[in-house]
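Visitor: Attaching a single structure in structure tokens format; questions to follow.
The numbers here are math on the coordinates, done by the rules we state, and not lab data. Everything numeric in this text was worked out from a predicted model, so none of it was measured. Using ideal geometry, Cβ is built from the backbone for each residue, glycine included, and neighbour counts are taken over all protein chains shown.
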Amino acid sequence: MDGWTLSLKKRRRKGKHMAQTINPFGKKIITVETDFCGRKLTLETNRIGFRTTASVLVRYGDTVVLGTAMVGETPLSNFDYFPLSIDYEEKFYAAGKISGSRFIKREGRPSDEAILIGRLIDRPIRPLWPKGYRHEVQGVASVLSLDPAFRPDMIAMIAMSAAFMLTGAPFDGPVAGVRVGISQKGEYEAFMSAEDLSKGKLDIVVAGTGDAIMMVEAGAREATEEEIGGALDFALEAIKPAIDVQKQLVDKMNVEEREYELSLPDTDIAQRVENWLQGKLGAGLRCPYPERNDLINKLRESMQEHFIEEIGEEFLAVKEEYNEAFQMAVHKDVRKGIVDDGVRPDGRSMDEIRPLSSEVGLLPRAHGSSLFTRGVTQALNIVTLAPLSYSQVVDTMESNSERRYMHHYNAPGYTVGEVRRLGSPGRREIGHGYLAERALSAVLPDESDFPYAMRSVTEIMSQNGSTSMAATCSSCLALMDAGVPIKAPVSGIAMGLIMDNNKPYILSDIADAEDFAGDMDFKVAGTAKGITALQMDMKVHGLSTEVLKKALKQGKEGRAFILDHMLHTLAQPRKEMSIYAPRVESIKINPEKIREVIGKGGETINKIIAETGAEIDIKEDGTVFIASPDKKSIDGAIQFIRTLTAEPEVGKVYTNCRVVSVLDFGAFVEILPGKEGLVHVSEMSEDRVDKPSDVVKEGDRVSVKLVAIDDRGRLQLSMKAVTRDDKTGKSDK
């Protein structure tokens, strides 16, 4: 009898349930915990996920995340990249919710938000695996319980890091992350609520190893470089307990290292390629793009021809290894030129921006359009405006909300000179679109000032580095071209870094060659006043906050240069929108009157739409948005709604009112839709009236004055008061 069965029998004999202390494989459940940013952080293993390579259950407040890791036994020899995938799973039950979709209740394809968090977790983890590692690795972070007091993404990152640490694979972690905001007191604070973060000046995620930073992503409302730098220092110190507790778990588990093989370039091939390239790299290749790309392609072709002649058909079997060795040699040459000569691959200095050009209004039927070109990178952006009813409904585990500004990014294969099948956007496209969207969200006009849904689509036309920042710049110009009254224009720049003997070489406006050969990719966007979005990814095992602060400072100068160019193209938002854009106006009604405007089954509002041709959107607070390209349609809808929701006013004269019914003692008259009052026989005329039917008949149109509203809400009307006012020249209309 195994230990598991025996343990169950002992529990039954005692006549009570006992907490599980071992799993079916006889392994003890191990738990470690620590204080982390004001709450208890608990890591537990061997309770859940028995068949995984490793799994960790992480608790923080009421949030519970399961991190599972699987590592393949043998390397995939046909892969020329590290086959790592990390996914973040939202579970609606974690928040006590059922999806609000009418048709889909089961979780399906991940939301954009889940994809973005998956990328967020992946980015600090991926660089910590050895180059040439080709074992397939899969990580899944599943949110099982959600504490609404804070976002769960950083707990998921810790769960994923801990799981990889327990696999015994060559993961040089652990890592941890923290989301930091600035409180109302002006102090840095971790794990703020989503509501407080949305209202605050800064929302920044920082991940690192405890000694160095691996990844940064931020959205801000024109935060200064100094405020960002302070947040980096705060976060790097804050994550240390989460790093230490993972190390404690590894020690308790006595993790054994797994055997693995690295797929590294053949040293003999690398040496042959380097020997052949002697004298062919260096100054001869330092020229502007795309000329440099053409020269490198021709040089690669010459190398292939040389070795085909030298070793014959055997070369075809190892062609890719020669190409990889060639690319590595080119990367080394890029780094050497920067470090030794202070010259970049295209001949620029360290802080020099590539040639810029831009134009707006190039698509006549679009509501706003722009074309932004920087070097060989080019982005076409198109902005479309619509009523607020076209806002996107966001239904996720964490929230139900509406998104009135959407930025979508597309980059087909032809943008990099490749034949590639068209398909739905990948994780990269979703991430780049979100970064550009975040950069501009901080400067969009308030809904009350500009009641429109806005869709901005960036069609990348050519890629050679920093397309997400080109998307940001082109989107800003297109929004201004559409007449969107943004609070301030935004520009963006991608920064790079070469580290050599602990000396940083910071590069402004990096192109592909510097990105591939460099140690950091750092994108920053903002206004003249401050930063609105930030994203940093490291390719080395972390950087100090001091290096990142220097990059922020140099990036500010580059952003200013690009912004100056943009403002020469279009200095401010256009005063008038395109004639093809819908016009939207708003009025305010009593929220209790919303039901009357909508009507039974939507009958009334559909009648207004059919008769006026306007689109109508009603908010819960009583704000009504009316949209149409035709001003007459808007005015007609407004008049219709005002009539429906008007309140009777004592002393006011109502004209052209329908007589609803005639009785022996007077007549009932409808002064407003659904609002009737009595004209007593004594109030019908200055002369004596014996029978009301002698004066009016049902269906007649008359003018009446509201003289009183009694304590039961009944309306008292008078026809003779109107006649009397006309004689004296008095009017309350």
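Visitor: Would you mind putting 180-186, 438-444, 485-491 in packing order, based on average other-beta-carbon counts within 10 Å, highest first?
Guide: Numbers: 180-186: 15.1, 438-444: 22.6, 485-491: 20.1.
In descending order of packing, they fall as 438-444, 485-491, 180-186.
Visitor: Mind checking the stretch 346-420 for GluC sites (Glu not before Pro) that DSSP puts in a loop (not H, G, I, E or B) and that have at most 12 other Cβ atoms within 10 Å? Show your work: numbers first, answer last.
Guide: On the way: sites: GLU352, GLU359, GLU398, GLU402, GLU418; in loops: GLU352, GLU398, GLU418.
Within the stretch 346-420, the qualifying GluC sites (Glu not before Pro) (loop, at most 12 other Cβ atoms within 10 Å) are GLU418.
Visitor: Hey, any idea what Rg/Rh is for the stretch 267-334, computing Rh the Kirkwood way over Cα pairs? Don't skip to the answer; put the middle values down first.
Guide: Working: Rg = 12.0 Å, Rh = 12.4 Å.
Across the stretch 267-334, the Cα-based Rg/Rh ratio is 0.97.
Visitor: Longer than 26 Å from Cα to Cα, which of LYS280/LYS319; LYS91/LYS593; LYS503/LYS553 are they? Say none if no pair is.
Guide: Values: LYS280/LYS319 20 Å; LYS91/LYS593 38 Å; LYS503/LYS553 17 Å.
From the list (LYS280/LYS319; LYS91/LYS593; LYS503/LYS553), the Cα-Cα distance tops 26 Å for LYS91/LYS593.
Visitor: Tell me, what ³J(HN,Hα) does each residue in the stretch 595-608 have, in order and in whole Hz, if you take phi through Karplus 6.51 cos²θ - 1.76 cosθ + 1.60 with θ = phi - 60° and put x for Gly and Pro?
Guide: Values per residue, Gly and Pro as x: 4, 5, 6, 6, x, 5, x, x, 4, 5, 5, 5, 5, 4 Hz.
Visitor: Next question. Which value, in debye to the nearest 20, gives the size of the charge dipole of the chain about its Cα centre, when Lys and Arg are +1 and Asp and Glu are -1 at the Cβ?
Guide: Numbers: 95 positive and 109 negative charges, 477 e Å.
The calculation lands at about 2280 debye.
Visitor: Cα axis of helix 225-238 to longest principal axis of the chain: angle in degrees, 0 to 90, nearest 10?
Guide: 70 degrees
Visitor: Once amide H atoms are built 1.01 Å from N in the peptide plane, which residues 5 or more positions from SER145, or in another chain, come under 5 Å H to H?
Guide: The list, which skips near neighbours in sequence, is VAL64.
Visitor: Amide H to amide H under 5 Å from HIS407: which residues, 5+ apart in sequence or cross-chain, H placed 1.01 Å off N in plane?
Guide: The answer is SER456.
Visitor: Going through the stretch 625-666, which chymotrypsin sites (Phe, Trp or Tyr not before Pro) have at most 11 other Cβ atoms within 10 Å and a DSSP loop state?
Guide: On the way: sites: PHE625, PHE640, TYR654, PHE665; in loops: PHE665.
In loop regions of the stretch 625-666 (DSSP not H, G, I, E or B), the sparsely surrounded chymotrypsin sites (Phe, Trp or Tyr not before Pro) are PHE665.
Visitor: OK, next. With a cap of 11 neighbouring Cβ atoms within 10 Å, and only residues DSSP puts in a loop, list the trypsin sites (Lys or Arg not before Pro) found in the stretch 61-141.
Guide: Filter output for the stretch 61-141: ARG102, LYS105, ARG106, LYS131.
Visitor: Something else now. Compare the Cα positions of VAL653, MET719, LEU120 along the charge dipole of the chain (+1 at Cβ of Lys, Arg; -1 at Cβ of Asp, Glu; about the Cα centre) and return the one farthest towards the positive end.
Guide: Farthest along the dipole direction, towards plus: MET719.
Visitor: Moving on to the next point. Residue-wise, which Karplus ³J(HN,Hα) couplings in Hz belong to the stretch 618-635, taking 6.51 cos²θ - 1.76 cosθ + 1.60, θ = phi - 60°, and x for glycine or proline?
Guide: Karplus-based 3J(HN,Hα) across the stretch 618-635 equals 10, 8, 5, 7, x, 7, 10, 9, 10, 10, 5, x, 9, 4, 4, 5, 4, 4 Hz.
Visitor: Post the alpha-carbon centroid distance, the stretch 501-567 to the stretch 52-94, in whole angstrom.
Guide: Using only Cα atoms to place each centre, the spacing works out to 31 Å.
Visitor: Continuing with this model, one more query. Rounded to the nearest Å, what's the spacing between the alpha carbon centres of the stretch 478-495 and the stretch 134-170? Just the number, please.
Guide: What the calculation gives is 36 Å, centre to centre.
Visitor: Also, quick follow-up: Volume per residue, Å³, of the convex hull around the alpha-carbon atoms of the stretch 583-645?
Guide: On the way: hull volume 4.0 nm³, N = 63.
Spelled out: Cα convex hull of the stretch 583-645, divided by residues, is 64 Å³.
Visitor: Now for a separate question. Antiparallel versus total DSSP beta bridges in the stretch 19-253: what percent is that, nearest 5?
Guide: Numbers: 44 of 50 bridges.
Taking every DSSP beta bridge within the stretch 19-253, about 90 percent pair in antiparallel fashion.
Visitor: Another one. Would you mind checking the tilt of helix 112-125 against the longest principal axis of the Cα atoms of the chain, expressed as 0 to 90 degrees and rounded to 10?
Guide: Compared with the principal axis, the helix lies near 30 degrees.
Visitor: Please report the projected area of the stretch 653-728's Cα convex hull averaged over all directions, in nm². Before the final figure, lay out each step's value.
Guide: Values: hull surface 19.7 nm².
Averaging across all directions leaves 4.9 nm² for the Cα convex hull.
Visitor: Please report, in cubic angstrom per residue, the volume enclosed by the convex hull of the alpha-carbon atoms of the stretch 157-273. If you can, show how the numbers build up before the last one.
Guide: Details: hull volume 18.1 nm³, N = 117.
Given the Cα convex hull of the stretch 157-273, per-residue volume reads 154 Å³.
Visitor: To check you understand DSSP bridge types, tell me what percent of the beta bridges within the chain (both residues inside) are antiparallel, rounded to 5. Write down the numbers at each step before the final one.
Guide: On the way: 127 of 142 bridges.
Rounded to the nearest five, the antiparallel share is 90 percent.
Visitor: Helix 291-311 versus the longest principal axis of the chain: what angle, 0 to 90°, nearest 10, using Cα atoms?
Guide: Helix 291-311 sits at roughly 40 degrees to that axis.
Visitor: Go through SER349, GLN278, PHE307 and say which Cα lies farthest out towards the positive end of the charge dipole of the stretch 212-349; charges sit on Cβ, +1 for Lys and Arg, -1 for Asp and Glu.
Guide: SER349
Visitor: ³J(HN,Hα) across the stretch 68-85 via Karplus (A = 6.51, B = -1.76, C = 1.60, θ = phi - 60°), whole Hz, x for Gly/Pro?
Guide: Here the 3J(HN,Hα) series is 10, 10, 10, 10, x, 6, 10, x, 8, 5, 8, 9, 9, 8, 7, x, 9, 10 Hz.
Visitor: State to the nearest 20 debye the size of the charge dipole of the stretch 653-728 about its Cα centre, where the only charges are +1 on K and R beta carbons and -1 on D and E beta carbons.
Guide: Numbers: 12 positive and 14 negative charges, 34 e Å.
The calculation lands at about 160 debye.
Visitor: State the three equivalent ellipsoid semi-axes of the chain, derived from the C-alpha gyration tensor as the square roots of 5 times its eigenvalues, in descending order and whole Å. Numbers along the way, then the final one.
Guide: Working: eigenvalues 806, 270, 94 Å².
Those come to 63, 37, 22 Å.
Visitor: Quick one: which residues, 5+ away or cross-chain, put their amide H under 5 Å from the amide H of MET461? H built at 1.01 Å from N.
Guide: GLN378, ALA379, LEU380
Visitor: Can you find, among GLY613, ALA235, HIS680, the residue farthest towards the positive end of the dipole of the chain? Put +1 on the C-beta of Lys and Arg, -1 on that of Asp and Glu.
Guide: HIS680
Visitor: Sorted by average packing, counted as other Cβ atoms within 10 angstrom per residue and highest first, what order do 286-297, 215-226 take?
Guide: Working: 286-297: 15.6, 215-226: 21.6.
The peptides rank, most packed first, as 215-226, 286-297.
Visitor: Quick check for me: using +1 on Lys/Arg Cβ and -1 on Asp/Glu Cβ, what's the dipole size of the stretch 295-425 about its Cα centre, in debye to the nearest 20?
Guide: Details: 15 positive and 20 negative charges, 176 e Å.
In total the dipole reaches around 840 debye.
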